[in-house]
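Read-outs: derived from the displayed coordinates by stated rules, not from any lab. These figures come from a predicted structure and were not determined experimentally. For neighbour counting, all protein chains shown are included, and Cβ atoms are generated from backbone atoms with ideal geometry for every residue, glycine included.
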Amino acid sequence: MKTIKVLTIMFGILFTVNLQAQKVKIKKDIAYVDKVEYLKFDGCGTFSESCTIMNFEDEDLIVLQYHSFEKPNPIPRNPKSKTPYQSTITESYTELRFMDFELECEVQLSKKKLVKALYKSKVLNEDGTVNKEKAQKFARKYHRNVSGERPGVIITN
């Protein structure tokens, strides 16, 4: 009887958490949040190194620049392991540059998670402009100084 009550409470909590989550879908360079158009991407091909987030009046709001680099693997080699050891690992990040004001930040989020974070942080106003205060708060919350970890020279044995 006690386990049934616990399971009921657990499912209730999981169900309410799932209801509050935003559903993000990106289709044909348009990002939808809960089936409502939120923003547009331009130039975001599979192999492109940069792309632009736009509003529906085709005004550039945020420029995304994709970067990646290799750095030495911080995990030491395990002599007992039979799997091959990788001496370097690849770090990937996205540099966001807001067009209306001087603000840049680096994030390690996928495109879908970036849209979700922008939506949750209310960076875009309903009229399709960027809210400067919310953008600064977003940058403080999600900024990771990944480029500062970039090594000058990689020496492998």
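Considering only segment 100-123, how many residues are touching a strand residue (DSSP E or B) at 6+ places or on another chain (Cβ under 6 Å) and touching a residue at least 40 places away in the same chain (Cβ under 8 Å)?
5
Only one of (1) surrounded by fewer than 16 Cβ atoms within 10 Å (Cβ to Cβ); (2) touching a strand residue (DSSP E or B) at 6+ places or on another chain (Cβ under 6 Å); (3) under 24 Å from VAL33 (Cβ atoms) fails for SER68. Which number is that?
Against the list (1) surrounded by fewer than 16 Cβ atoms within 10 Å (Cβ to Cβ); (2) touching a strand residue (DSSP E or B) at 6+ places or on another chain (Cβ under 6 Å); (3) under 24 Å from VAL33 (Cβ atoms), SER68 comes up short only on (3).
Return a yes/no flag: does segment 140-152 have any residue that is over 17 Å from ASN55 (Cα atoms), crowded, with 16+ Cβ neighbours inside 10 Å and either free of Cβ contacts under 8 Å to residues at least 12 places away in the same chain or touching a strand residue (DSSP E or B) at 6+ places or on another chain (Cβ under 7 Å) (or both). Spell out the reasoning first.
Of the residues in segment 140-152, the ones over 17 Å from ASN55 (Cα atoms) are 140-152.
Then keep just the ones that are crowded, with 16+ Cβ neighbours inside 10 Å; that gives 142, 146.
From what is left, the residues that are either free of Cβ contacts under 8 Å to residues at least 12 places away in the same chain or touching a strand residue (DSSP E or B) at 6+ places or on another chain (Cβ under 7 Å) (or both) are 142, 146.
Yes.
Identify all residues within segment 65-80 that are assigned to a strand (DSSP E or B) and free of Cβ contacts under 8 Å to residues at least 40 places away in the same chain; write none if there are none.
Kept after step one, since they are assigned to a strand (DSSP E or B), are these residues of segment 65-80: 65-72.
Those that are assigned to a strand (DSSP E or B) and free of Cβ contacts under 8 Å to residues at least 40 places away in the same chain: GLN65, TYR66, SER68.
Might you check whether a residue that is surrounded by 13 or more Cβ atoms within 10 Å (Cβ to Cβ), touching a Phe, Trp or Tyr at 6+ places or on another chain (Cβ under 7 Å) and within 21 Å of LYS27 (Cα to Cα) occurs anywhere in segment 86-94?
Yes, because at least one residue in segment 86-94 is surrounded by 13 or more Cβ atoms within 10 Å (Cβ to Cβ), touching a Phe, Trp or Tyr at 6+ places or on another chain (Cβ under 7 Å) and within 21 Å of LYS27 (Cα to Cα).
How about segment 112-139: which of its residues are basic (Lys, Arg), surrounded by fewer than 17 Cβ atoms within 10 Å (Cβ to Cβ) and under 20 Å from ASP42 (Cα atoms)? Give the derivation first.
If we filter segment 112-139 for residues that are basic (Lys, Arg), which is where we start, we get 112-113, 116, 120, 122, 132, 134, 137.
With the extra rule that they be surrounded by fewer than 17 Cβ atoms within 10 Å (Cβ to Cβ), the set shrinks to 112-113, 120, 122, 132, 134, 137.
If the condition is that a residue be basic (Lys, Arg), surrounded by fewer than 17 Cβ atoms within 10 Å (Cβ to Cβ) and under 20 Å from ASP42 (Cα atoms), then LYS112, LYS113 are the ones that fit.
Would you please name the residue that is nearest to TYR66 (Cα to Cα), looking only at residues in segment 81-105 that are outside any loop (DSSP other than H, G, I, E, B) and of a type in the set (Phe, Trp, Tyr)? Reasoning before the result, please.
So in segment 81-105, the residues outside any loop (DSSP other than H, G, I, E, B) come out as 88-98, 103-105.
Among the residues that remain, those that are also of a type in the set (Phe, Trp, Tyr) are: 93, 98.
Numbers: TYR93: 6, PHE98: 15 Å.
Per the stated criteria, the residue is TYR93.
Test ARG97 against the stated conditions and say whether it is over 22 Å from GLU49 (Cα atoms) and either in contact with a strand residue (DSSP E or B) (Cβ under 8 Å, 6 or more places away or on another chain) or of a type outside the set (Gly, Ala, Ser) (or both).
Values: over 22 Å from GLU49 (Cα atoms): no; either in contact with a strand residue (DSSP E or B) (Cβ under 8 Å, 6 or more places away or on another chain) or of a type outside the set (Gly, Ala, Ser) (or both): yes.
Taking the combined requirement at face value, the residue does not satisfy it.
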